[in-house]
Amino acid sequence: MKTLVIVTHPSIETSVINKRWVEELKKYPEKYTVHELSKVYPDGNIDVEKEQKLVESHGNLVLQFPIYWFSCPPLLKKWFDDVLAYGWAYGSNGGDKLKNRKVALVVSAGIKKEDYSENGRYRYTLEQILVPFETTFLYCNADYRSFFAFYGKENEPGGNEEEENEPGAIESEKSTQDYLNFVDNLY
């Protein structure tokens with residue numbers, strides 16, 4: 001079955017790495033369905049039934065987003081709140097739609113990797129910051145497969161906490177290939 005990649009980026013047109021990743025994924029429509037929440041729901045009104053059916057019609061689930069204030073963009077949080085409903089994602093009466101489904105995160109972080117460490121600027125690793133996502137999927141009995149990250153450089157030209165720094169061409173292509181390898185190895 002194909003992998004569903006839910007991309008949540010409020011300004012993908014100005015992104016460097018997230019945009020590049022989406023372009024590459026779209027070259028393989030037989031393997032990946034790229035679903036861009038910000039384009040599908042510019043008003044933020046999520047069609048819950050449509051989203052649930054989309055998840056059900058795919059095998060693996062990947063959520064791609066830039067780190068925003070040490071979490072996800074607001075639209076993805078709304079997606080979690082609306083779509084992962086009782087009786088569908090968890091609980092009784094059919095609440096098993098994520099059970100054993102392989103789920104992973106792909107994130108871009110506008111902060112250097114060394115800043116995401118116990119001795120770094122923010123005192124927590126990216127793995128620790130992403131624990132709420134892991135916990136959510138474990139609660140839904142999904143098979144959480146961790147995350148793939150691209151780290152940027154905060155306070156340097158082109159970078160900030162909410163978006164990735166503009167990477168060089170070689171760095172961008174390497175991260176793109178590493179991303180595809182990560183997703184392909186979820187099976």
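The values are calculated or read from the model by the stated rules, or taken from the named source; none is laboratory data. This one's a predicted model, so the numbers in the text were calculated from it and none came from an experiment. Cβ: placed from backbone, ideal geometry, glycine included. Neighbour counts: every protein chain shown. Side chains included, ligands, DNA and RNA excluded: accessible areas come from the protein's heavy atoms. Shrake-Rupley method; radii C 1.70, N 1.55, O 1.52, S 1.80 Å.
Counting only other residues whose beta carbon sits under 11 Å from that of Tyr124, what net charge do I get with K and R as +1, D and E as -1? My count for the surroundings of Tyr124 gives -1.
Under a 5 Å amide H cut-off, with hydrogens placed 1.01 Å from N, Tyr124 pairs with Ser117 among residues at least 5 apart or on other chains. Simple spin-label estimate for Glu49 and Asn181 gives 4.4 nm between the two label positions (7 Å along the Cα-to-Cβ direction from each Cα). The figure for Lys26 is an accessible area of roughly 110 square angstrom, using a 1.4 Å probe on the protein chains alone.
Shape class for the range 5-72, computed from the alpha carbon gyration tensor (a ≥ b ≥ c): oblate, with a/c not under 1.5 and a/b at or below b/c. Near Tyr187, once Lys and Arg are set to +1 and Asp and Glu to -1 for all other residues with Cβ below 14 Å from its Cβ, the sum equals +3. For the range 1-41, lysine pairs with C-alpha atoms less than 17 angstrom apart, excluding pairs fewer than eight positions apart on the same chain, total 6. Under 5 Å from the amide H of Lys2 lie the amide H atoms of Gly59, each residue being 5 or more positions distant or on a separate chain, with H modelled from the backbone and absent for Pro and chain starts.
Taking 0.36 nm per intervening residue step and subtracting the Cα-Cα distance, what contour gain separates Glu114 from Tyr86 on full extension?
6.2 nm
Structural size metrics of the chain, computed from C-alpha coordinates, are Rg and Dmax of 16.1, 52 Å.
Helices in the chain, meaning DSSP H runs of at least 4 residues, each add -39500 (n - 2.57). Divided by all residues, the mean residue ellipticity at 222 nm is -9000 deg cm²/dmol. Against the main long axis of the alpha-carbon atoms of the chain, helix 169-184 sits at an angle near 20°.
Between the range 1-49 and the range 83-133, what's the alpha-carbon centroid distance in Å? So the separation of the two Cα centres works out to 18 Å. In this structure the amide hydrogen of Gln64, modeled in the peptide plane, comes within under 5 Å of the amide hydrogens of Ile6, Val7, Thr8, Val106, none closer than 5 places in sequence on its chain.
Kindly state, to the nearest 0.05, the FRET efficiency for Phe70 paired with Val40, given R0 = 25 Å and r defined as their beta-carbon distance.
0.45
Taking all Cα pairs closer than 8 Å and separated by 6 or more residues, the relative contact order of the chain comes to 23 percent. Under Stokes-Einstein, with the Kirkwood radius over Cα pairs as Rh, the value for the range 20-112 at 37 °C and 0.692 mPa s is 225 µm²/s. For the chain, take the longest principal axis of its alpha carbons; what is the angle in degrees between that and the long axis of helix 74-83, to the nearest 10 within 0 to 90? Approximately 20 degrees, to the nearest 10. Computed extension gain for Asn100 through Asp143, at 0.36 nm per residue and net of the alpha carbon distance, reaches 15.0 nm.
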